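Here is the structure we will look at.
The values are calculated or read from the model by the stated rules, or taken from the named source; none is laboratory data. Because the structure is a prediction, the values reported are computed rather than measured. All Cβ positions, glycine included, derive from the backbone under ideal geometry; neighbour counts span all protein chains shown.
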Amino acid sequence: MTNTPDAKNSVNTLPKQIADEIVRYILDNRLQEGDRLPNEHTLATRLNVGRGTIREAMKTLASRNIIHIRQGSGMYVSGKTGLADDPLGLTFIENKRSLTKDLIDLRFVLEPPIAAWAARNATTQDVREIRALCEEVERMIIAGDDYKEKDIAFHAAIAMSSKNVVVPRLLPIIHAAVSMFIAETHRALDQDTIVAHREITYAIESHDPEAARDAMSIHLSYNRRHITMRWRQEEL
């Protein structure tokens, strides 16, 4: 039997169609991060397809960070649903100095209003998490430990507390920016970071949007000024 182009296209698009059905299942059942999906057999029966099709659909969803597969355990809703780790391809921009400068400019556009929204909308649990991360970053700085991941988590927690549904989609950009800032400043701003994080945290705890906006702007200003001055010295 010869496969026609239409038949081949039908076969190739079936896993994608099933992937869309699984996404619909996640949404309809309001599954959250860490929730387990039905096993292959159950999904194959429910969707009336073979288990091989389910496996291909799951690979597609895993590549899109919608689900993650734990070998021997099952399939779970990802905490980064739909987000690529580097959606804008920042890794492939060779001029890192230009990238850092542009990320600084972008952070000034994004993060002060995000901090203000967080101050307005953060729940008690959100505030507790931001405070815990603020204190953890401070502890790690004083101990001389690598605090980059906790610093990223601090800014991510603020972003999530904004309750703006688009902001979580911007997290990979914020992650990249924070990481590059720490690398560029060579930890010269550790003490400024402690003070700035305290001010931002206090403003959010106090539910003071303007203070949160100002504190974040000052935090970013310290970073930009230090990086700009260091670049100028290197050019002398």
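Descriptive notes on the structure:
- Contact map, the range 119-141: residues that are not assigned by TED's automatic domain parsing to the domain that holds ASP192 paired with residues that are surrounded by fewer than 15 Cβ atoms within 10 Å (Cβ to Cβ) and assigned to a helix (DSSP H, G or I), Cβ distance under 8 Å, separation 6+ or inter-chain. No pairs are found.
Residues are listed down the side, and each one gets a yes or a no for (1) under 21 Å from ILE204 (Cβ atoms); (2) out of contact with any Leu (no Cβ under 7 Å at 6 or more places or on another chain):
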| residue | (1), (2) |
| --- | --- |
| VAL137 | yes, yes |
| MET140 | yes, yes |
| GLY144 | no, yes |
| PHE154 | yes, no |
| MET160 | yes, yes |
| PRO168 | yes, yes |
| PRO172 | no, no |
| PHE181 | yes, yes |
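- Hey, VAL109 assigned to a helix (DSSP H, G or I), in contact (Cβ under 8 Å) with a residue 12 or more places away in the chain, out of contact with any Lys or Arg (no Cβ under 6 Å at 6 or more places or on another chain) and under 20 Å from ARG224 (Cα atoms) or not: no
- Candidates are the residues of the range 171-221 that are basic (Lys, Arg) and assigned to a helix (DSSP H, G or I); the one that is surrounded by the most Cβ atoms within 10 Å (Cβ to Cβ) is ARG213.
- Inside the range 118-132, residues that are surrounded by fewer than 21 Cβ atoms within 10 Å (Cβ to Cβ) and either out of contact with any helix residue (DSSP H, G or I) (no Cβ under 7 Å at 6 or more places or on another chain) or at pLDDT 95 or above (or both) make up a count of 9.
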